[in-house]
Amino acid sequence: MGRPKKTEQVTFYDREEEFPFDQFPYKLVHKDGNETRKCYFQSEDHRQKHIDRYNLKKKDIKLSDKYETPN
């Protein structure tokens, strides 16, 4: 018989939920110890300054913005 197959869940991608602040369209998600942090920025420059200030590595962060098309 074997294992039961995992069912895929289809989730609705809601930009308003992912970006709750209209004035902050740039998002950075990174791990800080055991905690996952979501940071929102007004510009890409501000986001990059944050990455540089805290020496965040590319492999540890996820970048997104409100205007990009979802995959």
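The values are calculated or read from the model by the stated rules, or taken from the named source; none is laboratory data. Given the structure is predicted, the values throughout are model-derived calculations rather than measurements. Counting neighbours? That spans all protein chains shown, and the Cβs are built from the backbone with ideal geometry, glycine included.
Residues in the range 5-18: is at least one at pLDDT 85 or above, in a loop (DSSP other than H, G, I, E, B) and out of contact with any Phe, Trp or Tyr (no Cβ under 6 Å at 6 or more places or on another chain)? No, there is no match, as no residue in the range 5-18 is at pLDDT 85 or above, in a loop (DSSP other than H, G, I, E, B) and out of contact with any Phe, Trp or Tyr (no Cβ under 6 Å at 6 or more places or on another chain).
Summed over the range 50-71, the residues that are closer than 21 Å to residue 22 by Cβ and either without any contact (Cβ under 8 Å) to a residue 24 or more places away in the chain or assigned to a helix (DSSP H, G or I) (or both) give a count of 3. Which residues, taken from the range 36-55, are more than 20 Å from residue 67 (Cα to Cα) and over 15 Å from the mean Cα position of the chain (by Cα)? Result: 49, 52, 53, 54, 55.
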